[in-house]
1. Pairs needed: first member in segment 118-146, within 20 Å of G179 (Cβ to Cβ); second member anywhere, open to solvent by 40 Å² or more (accessible area, probe 1.4 Å) and of a type in the set (V, I, T); C-beta distance under 7 Å; at least 6 residues apart or different chains.
2. Could you go through segment 167-176 and let me know if any residue there is buried (at least 19 other Cβ atoms within 10 Å of the Cβ) and over 17 Å from P58 (Cβ atoms).
3. Being out of contact with any strand residue (DSSP E or B) (no Cβ under 6 Å at 6 or more places or on another chain) and buried (at least 20 other Cβ atoms within 10 Å of the Cβ) is the filter here, so list the residues in segment 71-89 that pass it.
4. Mind listing just one residue for me: the one in segment 35-68 that is at pLDDT 95 or above and small (G, A, S) and, of those, nearest to L135 (Cα to Cα)?
5. Considering only segment 107-120, I want to know if a residue exists there that is open to solvent by 10 Å² or more (accessible area, probe 1.4 Å) and modelled with pLDDT of 95 or more.
6. Take E22 and tell me if it is loosely packed, with under 13 Cβ neighbours inside 10 Å and out of contact with any Lys or Arg (no Cβ under 9 Å at 6 or more places or on another chain).
7. Anything in segment 124-166 that is hydrophobic (A, V, I, L, M, F, W, C), more than 18 Å from L74 (Cα to Cα), open to solvent by less than 40 Å² (accessible area, probe 1.4 Å) and in a loop (DSSP other than H, G, I, E, B)? List them, or say none.
8. Is it true that some residue in segment 105-118 is over 25 Å from G39 (Cα atoms) and in contact with a helix residue (DSSP H, G or I) (Cβ under 6 Å, 6 or more places away or on another chain)?
Amino acid sequence: MTAAVFGHDGPWTEEEYLALGETQERVEFFDGSLYVTPGPTPLHQNISGELRAALRAPVRQAGLRVLEAVNVRLRPGRIPIPDLAIVDDIDLRVPVIEASSVRLVCEIISPSNAATDKVLKMHYYAAAGIEWYLLVDQETLTMHLYQRQGAHYVERSVTKAGEVLELTDPVHATIRPEGLLA
């Protein structure tokens, strides 16, 4: 499928991946292979937009940025596109953000990509040294907040609809899961 869509055979290099530029599909790069998914659903995008809006003011107060769907280089040859990322005040013109500039990544779990977000990306983000990982289940609006401990993540909180997530690091923010449907 990838070869048919992008006209390429064999493993990809990071340079070839970056040369694709912007695409209609979400194309992530993992160790020579492209991981292509269709565009997110309206529900997914609504949750992402509302979460970004809830984080915008606290992130600015901390001198950071919150970005949606950007390339994050975890190491050479490994570039996922998290749904949201809280990052240092970076140059917005660079096509790839280095993991060392990322304070928190967030993935919104869709039924079609749950294993990728809960296993593969969780492992890759921790191995790259990203301190915080937020998983949001779009079906239940349950938010799982993980903190890196060594090369793994440890769950720090689970917040369900009707409860409140109180972030204290990397920013101070209060998030109500049901507010993500506004």
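The values are calculated or read from the model by the stated rules, or taken from the named source; none is laboratory data. Bear in mind that the values here come from a model prediction, so they are computed numbers and not experimental data. All Cβ positions, glycine included, derive from the backbone under ideal geometry; neighbour counts span all protein chains shown. What goes into the accessible areas is simple: the full protein's heavy atoms, side chains included, and nothing from ligands, DNA or RNA. Shrake-Rupley method; radii C 1.70, N 1.55, O 1.52, S 1.80 Å.
1. As it stands, the answer is T142/V158; H144/V158, since those pairs meet every condition given.
2. No.
3. Correct list: L74 only.
4. Ranking the candidates gives S48 first.
5. no
6. Numbers: loosely packed, with under 13 Cβ neighbours inside 10 Å: yes; out of contact with any Lys or Arg (no Cβ under 9 Å at 6 or more places or on another chain): yes.
In short, yes.
7. L141
8. From segment 105-118, those over 25 Å from G39 (Cα atoms) are none; that's our starting set.
No, every residue in segment 105-118 fails to be over 25 Å from G39 (Cα atoms) and in contact with a helix residue (DSSP H, G or I) (Cβ under 6 Å, 6 or more places away or on another chain).
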